[in-house]
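Some notes on the structure that comes next.
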């Protein structure tokens, strides 16, 4: 394979990978010697000069990343919108908001399903945070909401959450809706109604 083709293939690999790719891994895929990988990375770096992406060296591997000067625009795109949060995400946020600090096993017990994927996503989006470990066997992490969660839902503090009666896990009928989720949805709706027309996002038809 020609050098320019290798560089293009390297660009594709770094683009689709969810984690930094180590030189040895790239060497195996591109079928080149390990020492050639650094040269190809350098060529790709020159190719991307003046573009929005650049090659970064992270955790012993290579990855594509947006340039710092575009961080504000990227952040606006990735900033979560309550209307775009999934039902599962809203449910997890609601339970944590009302019962924090809470462990993931406790969260799973309340929801009846594994919540690890949703929790990790909400942590990445700065809506949940880890506050420590519970003093129980296994020492699971304790979860709580963030200041960004409050601002996103128009809450001054947690006392602004609608008041509800929280049933114990064993007292809730099977498949019954969680009162926390309904209350958070009400808070979200109130926040949306308080927005001025200029602040609202037009709906596409």
query = What is the pair-distance distribution P(r) of the stretch 3-68, computed from all Cα-Cα distances in 10 Å bins starting at 0, with each bin given as a whole percent?
reply = 23, 62, 15, 0
key: Extension gain from residue 51 to residue 133, taking 0.36 nm per residue of separation minus the Cα-Cα distance   = 25.2 nm
request  = Grab the beta carbon distance between residue 35 and residue 124, set R0 = 41 Å, and tell me the FRET efficiency rounded to 0.05.
outcome  = 0.70
message = Take residue 86 and residue 114, extend 7 Å from each Cα along the Cα→Cβ direction, and tell me the distance between the two endpoints in nm.
response = 1.3 nm
request  = Relative to the compact-globule scaling 2.2 N^0.38 Å, provide the ratio for the alpha-carbon radius of gyration of the stretch 3-158.
outcome  = 1.38
task = Sort 68-75, 32-39 for me by packing, meaning the mean count of neighbouring Cβ atoms within 10 Å per residue, highest on top.
result = 32-39, 68-75
Separation between Cα centres of the stretch 28-104 and the stretch 106-145, rounded to whole Å = 22 Å
message = If I model a spin label as a point 7 Å beyond the Cα along the Cα-Cβ vector, how far apart are those points for residue 58 and residue 9 in nm?
response = 2.5 nm
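Values quoted throughout were computed directly from the atomic coordinates according to the rules given, and no laboratory measurement underlies them. Not measured: the values here are computed from a predicted model. Cβ coordinates were reconstructed from backbone atoms using ideal geometry, including for glycine residues, and neighbour counts include every protein chain displayed.
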